[in-house]
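Comments concern the structure below.
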Amino acid sequence: MRLPVNQFTPYTKKLNTFEFLSKLGIFKSLAAEQLHEIVKLIEVRQYQKNAIIFHEGQKAHYSYIIYSGMVKIHKYSDDGKEYILQTLTDGGMFAEVPMFAGDTYPANSTALEDSILLAFSRENLLRLVAREPQVALNLLAIQAKRLREFTLQIEELTLKDSLSRLINYLLKHADKDKIIHNKLSITNLAKLLNMTRENLSKLLGRLVQEGAIVLEKNRIILRKLM
């Protein structure tokens, strides 16, 4: 399913990109001088909510790190049904694998809210990896972790029922105060958990009635779910 094209706009306001990058796993162990050089390679882009970042099948010229906002990675079936494969927020990196391979993007990417992305061109990131071997090692570690996460996700989607998937999602995304600061709409959360919107609403209502959770605007509080 071909989506309408949305254009990004260059972000011209000053960002503390150096401090932001220094906290990311991909750039850990790098000296300040090295990080300053990396900052020079970045193109800062602003995408409005629902803007398309890239299409499935489009040549992968860039990879991205989310400075702020939220992005979904998603595909469409032949009959037009949308499947959300992943959602990412601040600090999330995506599209680096097809970009390194010189391939096309295997899925679509859309901004779920107004977002600021740090874009790395293929040429710049390849030069960076050649110059800084530690970045390549950090990328391998990130990919290994992501592969484990996708394996668990596939197991959940194929082996667990809808309620179990929802409970696992809530437990995984709760902070130390047992609060999920949920930015996803009911529709997008349902797609991520591979269930209908109606089924998700019914399950959330059931958990509320049982006193397991409390629903508030943009957040869910865990009570007896732990």
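Structure summary
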quantity: Matching residues in region 79-106 - criterion: being out of contact with any strand residue (DSSP E or B) (no Cβ under 6 Å at 6 or more places or on another chain), among the small types (Gly, Ala, Ser) and surrounded by 14 or more Cβ atoms within 10 Å (Cβ to Cβ); calculated: 91
quantity: Residue satisfying all of: in region 136-194; outside any helix (DSSP H, G or I) and of a type in the set (A, V, I, L, M); modelled with the lowest pLDDT among these; calculated: 184
quantity: Output for region 198-226, where each listed residue is in contact with a Ser or Thr (Cβ under 9 Å, 6 or more places away or on another chain) and farther than 12 Å from residue 166 by Cα; calculated: none
quantity: Pair list, Cβ < 6 Å and 6+ apart or interchain, from region 29-42 residues that are surrounded by 15 or more Cβ atoms within 10 Å (Cβ to Cβ) to residues that are outside any helix (DSSP H, G or I); calculated: 42/118
quantity: Test: residue 115 is assigned by TED's automatic domain parsing to the domain that holds residue 74, in contact (Cβ under 8 Å) with a residue 60 or more places away in the chain, within 21 Å of residue 66 (Cβ to Cβ) and surrounded by fewer than 18 Cβ atoms within 10 Å (Cβ to Cβ); calculated: no
quantity: Elements of type strands (runs of 3 or more DSSP E) in region 1-92, at least 3 residues being closer than 23 Å to residue 192 by Cα; calculated: 52-54, 62-68, 71-76, 82-88
quantity: Condition check for residue 215: assigned to a helix (DSSP H, G or I) and at pLDDT 85 or above; calculated: no
quantity: Given (1) within 19 Å of residue 114 (Cβ to Cβ); (2) out of contact with any Leu (no Cβ under 8 Å at 6 or more places or on another chain); (3) among the charged types (D, E, K, R), number of the condition residue 28 does not satisfy; calculated: (1)
quantity: Verdict on residue 109 being touching a His at 6+ places or on another chain (Cβ under 9 Å) and crowded, with 16+ Cβ neighbours inside 10 Å; calculated: yes
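Listed here are the residues, each with its yes/no results for (1) surrounded by 15 or more Cβ atoms within 10 Å (Cβ to Cβ); (2) assigned by TED's automatic domain parsing to the domain that holds residue 84; (3) under 17 Å from the mean Cα position of the chain (by Cα).
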site: 143; (1), (2), (3): no, yes, yes
site: 152; (1), (2), (3): no, yes, yes
site: 166; (1), (2), (3): yes, no, no
site: 176; (1), (2), (3): no, no, no
site: 185; (1), (2), (3): no, no, yes
site: 190; (1), (2), (3): yes, no, yes
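The values are calculated or read from the model by the stated rules, or taken from the named source; none is laboratory data. Everything numeric here is computed off the predicted structure, so don't read it as measured data. Virtual Cβ from ideal backbone geometry, glycine too; neighbours counted across all protein chains shown.
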